[in-house]
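S.K.: Sending over a structure as structure tokens; questions will come in a sec.
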Amino acid sequence: MGEQTYRYEDLDSLDDESLSIVLSQCPYRLLTLALKATAEPLKERILGLLTADRKQLALSDLNELGVHEPAELRQLVLSEIDLAHRSIIRIAKHLRDDGQILTGS
């Protein structure tokens, strides 16, 4: 997560400690929405960094969050997921600017 434009996928460049700090600052609903459209390797890494209780809740909610509904509802869900991704990036940038996490070059 260098100075260029941040992308959600850039979270994968954080070390585990920094990513854990970012995740701890994310509201639960935001995290669950973001995970719905997260690539499997990053999703597994994130889930592995969550507490056991939070991971179990996230997995349960991920199964319930459908993107298989009619097109209008599907678009709404995808828009919410995009907003969740951008919100998590803002949290990460704030933590970096405050010196609470280290980011890659």
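S.K.: Just one of (1) of a type outside the set (Asp, Glu); (2) loosely packed, with under 13 Cβ neighbours inside 10 Å; (3) modelled with pLDDT of 90 or more; (4) under 12 Å from His85 (Cα atoms) trips up Arg29, so point out which.
M.R.: With respect to (1) of a type outside the set (Asp, Glu); (2) loosely packed, with under 13 Cβ neighbours inside 10 Å; (3) modelled with pLDDT of 90 or more; (4) under 12 Å from His85 (Cα atoms), Arg29 is out only on (3).
S.K.: Going through Ser24, Ser18, Ser60 one at a time, which residue ends up being among the polar types (S, T, N, Q), exposed (fewer than 15 other Cβ atoms within 10 Å of the Cβ) and modelled with pLDDT of 90 or more? Please lay out each step first, then the result.
M.R.: Values: Ser18 fails: exposed (fewer than 15 other Cβ atoms within 10 Å of the Cβ); Ser60 fails: modelled with pLDDT of 90 or more.
None of the others qualify; the one that does is Ser24.
S.K.: Here are the criteria: (1) loosely packed, with under 13 Cβ neighbours inside 10 Å; (2) part of a helix (DSSP H, G or I); (3) modelled with pLDDT under 85; (4) out of contact with any helix residue (DSSP H, G or I) (no Cβ under 9 Å at 6 or more places or on another chain). Tell me which single one Asp53 does not satisfy.
M.R.: Going through (1) loosely packed, with under 13 Cβ neighbours inside 10 Å; (2) part of a helix (DSSP H, G or I); (3) modelled with pLDDT under 85; (4) out of contact with any helix residue (DSSP H, G or I) (no Cβ under 9 Å at 6 or more places or on another chain) one by one, Asp53 breaks only (3).
S.K.: Among the residues of the stretch 16-30, which ones are over 16 Å from Ala52 (Cα atoms) and either small (Gly, Ala, Ser) or in contact with a strand residue (DSSP E or B) (Cβ under 6 Å, 6 or more places away or on another chain) (or both)?
M.R.: The answer is Ser18, and nothing else.
S.K.: Looking at the structure I just gave you, is Ala34 modelled with pLDDT under 90, in a helix (DSSP H, G or I) and under 23 Å from Thr103 (Cβ atoms)? Full working, then the answer.
M.R.: Numbers: modelled with pLDDT under 90: yes; in a helix (DSSP H, G or I): yes; under 23 Å from Thr103 (Cβ atoms): yes.
The answer is yes for Ala34.
The values are calculated or read from the model by the stated rules, or taken from the named source; none is laboratory data. Please read these numbers as outputs of a predicted model, since none were measured by experiment. Note: ideal-geometry Cβ built from the backbone for every residue, glycine included; neighbour counts use all protein chains shown.
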